[in-house]
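Down below is the structure, laid out as structure tokens.
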Amino acid sequence: MTACIIDGKAVAAGIRKDLAKKTTACSHTPVLAVVLVGENEASRIYVRNKKKAAAEVGIRCEVFEFSGSIGENALLSSIQDLNDDPHVDGIIVQLPLPPQINPQKVLSHINPGKDVDGFSPYNVGLLAEREESAVVAATPKGILKLLESTGESLEGKHVVIIGRSNIVGRPTALLLLNHDCTVTVTHSKTVNLSDTVRQADIVVAACGCPKIVKKDWIKPGAIIIDVGINRLEDGSLCGDVDFEEVKETASYITPVPGGVGPMTVAMLLENTLEAAQRHACCHDENCHCGRCGGN
Ligand code: GUN
């Protein structure tokens, strides 16, 4: 068997095209505020990509840059200003943050209605409670869309997730559980990892270990979602799955690059548009909805 390649680039392009139409129909231009702290090179590249993709679908992306030595209180105060600004629909704080800043404290300071990354404890709680109104983090949402793009039913499928991060592993487990999958979350301390992965109908690899998932870890016909983006010594990118081997036994597989990555940005933009639609009232100077910061 040779797997069908799930073309994340094409799926994401379709979603962005649809978003561009919807932003035109929105009562105001959606505004995404991106908070960028310090000089992390990868973060700068991610933010540049988000800004470019936002512009292409008619979302205004404003980047607020702070020195890597900023204190926690000063950063919280700037986030409060964005919470209070009725023109800002969505706020994200690019991670990682410098060591003097507690990321949980910062993320829990974002107004949940503007939390388009879905990282605040409020939105994670709604997701855990299977609440439809939860803002779901972009990568798990993108993974779900890619799985749905295969046309395969998710009900009762055994998903094995490799990695338990707050950004991918945990929220993906909750989201797929909410879609009636049976979910196992594995991590660096899991005993006999390959034996567990071999039981999966769907594998989500999100551990940041280049090509760790081998052909003999995979049940024939399984669906493979590779979230890893690792740079090899020769400068090339690879995922957490040994693509060339595993594609010989899987039914569907995402490539790296061009799989999950483009979906993450598209889903962030979708979350921003949805926040703008919820905040349409806040662009009226008489708004007292309480979500826009008490304008
Ligand atoms: N750092 C790595 N991935 C992400 C993401 O999806 N959102 C934010 N804010 N920071 C990240």
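None of the figures in this text is laboratory data; all of them are computed from the coordinates on show. As the structure is a computational prediction, the values presented were derived from the model and not from experiment. Cβ placement follows ideal geometry from the backbone for every residue including glycine, while neighbour counts extend to all protein chains displayed.
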Item to check | Residue satisfying all of: in the stretch 227-251; among the polar types (S, T, N, Q) and part of a loop (DSSP other than H, G, I, E, B); farthest from the ligand (Cβ to nearest atom) among these | outcome: Thr249
Checklist entry - Looking only at the stretch 252-281, which residues are away from the ligand (no atom under 15 Å from the Cβ) and acidic (Asp, Glu)? => result Glu274
Next on the checklist: Name the residue that is farthest from Asn83 (Cα to Cα), counting only residues in the stretch 22-47 that are touching a residue at least 60 places away in the same chain (Cβ under 8 Å), of a type outside the set (Gly, Ala, Ser) and within 15 Å of the ligand (Cβ to nearest atom).
Outcome noted: Val37
Item to check | Matching residues, the stretch 86-105, being more than 15 Å from Ala138 (Cα to Cα) and either crowded, with 18+ Cβ neighbours inside 10 Å or free of Cβ contacts under 8 Å to residues at least 40 places away in the same chain (or both) | outcome: Pro86, Val88, Asp89, Leu97, Pro99, Gln100, Ile101, Asn102, Pro103, Gln104, Lys105
Checklist entry - Could you list, in sequence order, the residues of the stretch 106-160 that are free of Cβ contacts under 8 Å to residues at least 12 places away in the same chain and either under 22 Å from Ser251 (Cβ atoms) or surrounded by 22 or more Cβ atoms within 10 Å (Cβ to Cβ) (or both)? => result Glu148, Gly151, Ser153
Item to check | Residues of the stretch 10-28 classified as touching a Pro at 6+ places or on another chain (Cβ under 8 Å) and among the polar types (S, T, N, Q), total | outcome: 1
Checklist outcome for this item: From the option list Gly235, Gly259, Gly221, single residue qualifying as within 18 Å of Ser194 (Cβ to Cβ) and of a type in the set (Gly, Ala, Ser) is Gly221
Checklist outcome for this item: When the stretch 201-221 is checked residue by residue, the ones that are out of contact with any helix residue (DSSP H, G or I) (no Cβ under 9 Å at 6 or more places or on another chain), closer than 23 Å to Ser153 by Cβ and without any contact (Cβ under 8 Å) to a residue 60 or more places away in the chain are Asp201
Next on the checklist: Just the residues that are of a type in the set (A, V, I, L, M), in contact (Cβ under 8 Å) with a residue 40 or more places away in the chain and farther than 19 Å from Ala275 by Cα, please, taken from the stretch 48-83.
Outcome noted: Leu75
